C-alpha cells in the first residue's frame, strides 16, 4: 500500500467543496413533469393547439405513480407535447492557482453561468380518434424556449414534429405538415389566449430536441 | 502575414480562401462554406437552416422539381451530425426535411439505387424509403403488422408503377405493403430460395468491395449487397394489377393475403 499523495487529498477536498458549492447555487427541479391538457388551468394557457392526424395515432393511455412522500404522476401511451424550458443559474468551475502537479497548488471555485433545461410533457385531450387538442403551459421559475414538439406514435412508430411559436408576430397559424421520419400527415391550428393573433411555424428539429428549431428558432 | 498581404495584392480578383464564401443554390437557398473545405452549410433567406439539427453537409444539390417556387434539395450530412441522406422541401415558406436514408457514411453516402426499369425512382433499401425524383415525393413502407414482432430487418426492394405499393424483402418472405396502410400480402420467397438466388449478388458484392479496397476506396459492402439483391428481385419479379390489388409475381410464386388489419377504432 502506498500512501496517498498530499495533492490528491487536496484535489479531493477541492472537488468536494466545488460540488457542495455547486449544489448551493440552485437545485432545479429537472424532472420531466407530466400534465394533462384537460387538467390545465385555462388562465395559464400560452397557446392552444388543435391537431388532426391523417392516421389515428396509438391510444393506450397509462397512468403511473412514483414516489412515496411526494407523489409524482406520469402518463404514457398517447400523443403529447414536449415543451422545453431553460434556466440560467450560477454554478462553479474549479480553477487552480499554480501547477497542479506541484504540492501546493491552490484550487479555487470560480463562478460561471450554467444553463439547465427541463421539460414539461403535456398530454393531449382526445376529441376523437384523429383529433387532439393540446395546450402549451408555462413552468413556474423557468424560461420558455417558445418551441414544442408534438410526440406521437402510429403502430409503435414514434414520431415527433417540432414547432416554434410567438405571440408577438403574426402569421398564418393553420397549416398542414408532414413529419420528418415516416412522413405522417397532420394539420395543425394554433390559437392564442384571448383570441389574439400570433404565429406558429413548423420547424424540423431532430425528434427529441424540441428547443433546437431548424429555421424559426428566432420567430420572436 | 506580409506574405499573405503580398499574395492578396498580387491577385486582387481571386477571393481569399480563408473567408467563408456563399454560392447560390436556386431560389432562396444558398450554400456557405470555406472554399478549401468540402463541408457546406445551408442558408435559406440568408438565415442558417439546420435540418434535424445537422448543420454541415458534404453534398447538397437541387433535385429538379420545385415546391412553392423553391427547389427541392437532396442533402447528405457530415457524419458527425448523425443524419444521413435527406430531402428538403419548402412548405408554407418553411424548409422542412424528410429522412431518406439513415445511413451515416461520408466515404460512401447512400445516394439511392435507381430501380431497374424505372426512370424516376430511387430506392433507399435500408430505411424502406423511396424517392420519386420527378415530383420529390418521399415514400415509406411499413413492413410489420400491428403489434407484430418482426425480427428480420426489412429491405425495400421494389415500388409499384403507381408509387403506392412497395415490396419489402424479409428473411423468409417478401411483404407487399401499401403506403399509409401497411402490409397486405406475403410472397413466400423463403430463406432457402433467397440463399440460392442471392449467391451471385453475395459473390459479386464481395468481389466489388475487394476491388474497391485495392483501389484505396472504402465502400459499404452490406448496402451494395442489399442493392444487388433489390436489382435481382426487380429482374425476376414484376408488379401486376389484378382484381385484388397490386401483386408482385415471379419465380412461380403466388402472394398470400395477410390477415386484414382491423384498424382498431379506439
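The values are calculated or read from the model by the stated rules, or taken from the named source; none is laboratory data. All figures in this text were calculated on a predicted structure; none of them were measured in a lab. Cβ: placed from backbone, ideal geometry, glycine included. Neighbour counts: every protein chain shown.
Kindly indicate whether any position in the range A:105-125 is farther than 24 Å from residue A:196 by Cβ, at pLDDT below 90 and out of contact with any strand residue (DSSP E or B) (no Cβ under 7 Å at 6 or more places or on another chain).
Taking every residue of the range A:105-125 in turn, none turns out to be farther than 24 Å from residue A:196 by Cβ, at pLDDT below 90 and out of contact with any strand residue (DSSP E or B) (no Cβ under 7 Å at 6 or more places or on another chain).
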Check on residue A:134, outside any loop (DSSP other than H, G, I, E, B) and either more than 18 Å from residue A:184 (Cα to Cα) or under 12 Å from the mean Cα position of the chain (by Cα) (or both): yes
Candidate set: the range B:133-153, residues that are within 12 Å of chain A (Cβ to nearest Cβ) and more than 17 Å from residue B:181 (Cβ to Cβ); chosen: the one modelled with the lowest pLDDT: B:149
Residue check for residue A:82: more than 14 Å from chain B (Cβ to nearest Cβ), within 22 Å of residue A:130 (Cα to Cα), surrounded by 12 or more Cβ atoms within 10 Å (Cβ to Cβ) and in contact (Cβ under 8 Å) with a residue 40 or more places away in the chain: yes
From the list B:113, B:156, B:122, B:100, pick out the single residue that is within 29 Å of residue A:163 (Cα to Cα) and crowded, with 20+ Cβ neighbours inside 10 Å. B:100
Of the residues in the range A:190-220, those that are surrounded by fewer than 15 Cβ atoms within 10 Å (Cβ to Cβ) and either facing another protein chain (nearest Cβ under 9 Å) or in contact with a strand residue (DSSP E or B) (Cβ under 8 Å, 6 or more places away or on another chain) (or both) number 3
Pull out all pairs, ordered by first then second residue, where Cβ-Cβ is under 7 Å, the residues are six or more apart or on different chains, the first lies in the range B:120-135 and is free of Cβ contacts under 8 Å to residues at least 24 places away in the same chain, and the second is assigned to a strand (DSSP E or B). B:120/B:132; B:122/B:113; B:122/B:114; B:122/B:130; B:122/B:131
Out of B:111, B:72, I need the residue that is in a strand (DSSP E or B) and either within 14 Å of chain A (Cβ to nearest Cβ) or modelled with pLDDT of 90 or more (or both). Which one? B:72
So, residue B:210, is that one over 22 Å from the mean Cα position of the chain (by Cα) and at pLDDT 90 or above or not? yes
Residues to consider are B:63, B:52; find the one that is within 24 Å of the chain's Cα centre (by Cα), buried (at least 17 other Cβ atoms within 10 Å of the Cβ) and more than 13 Å from chain A (Cβ to nearest Cβ). B:63
What are the residues in the range A:100-155 that are within 25 Å of residue A:72 (Cα to Cα) and surrounded by fewer than 13 Cβ atoms within 10 Å (Cβ to Cβ), if any? A:115, A:140, A:141
Residue in the range A:158-166 that is in contact with a strand residue (DSSP E or B) (Cβ under 9 Å, 6 or more places away or on another chain) and over 20 Å from residue A:83 (Cβ atoms) present: no
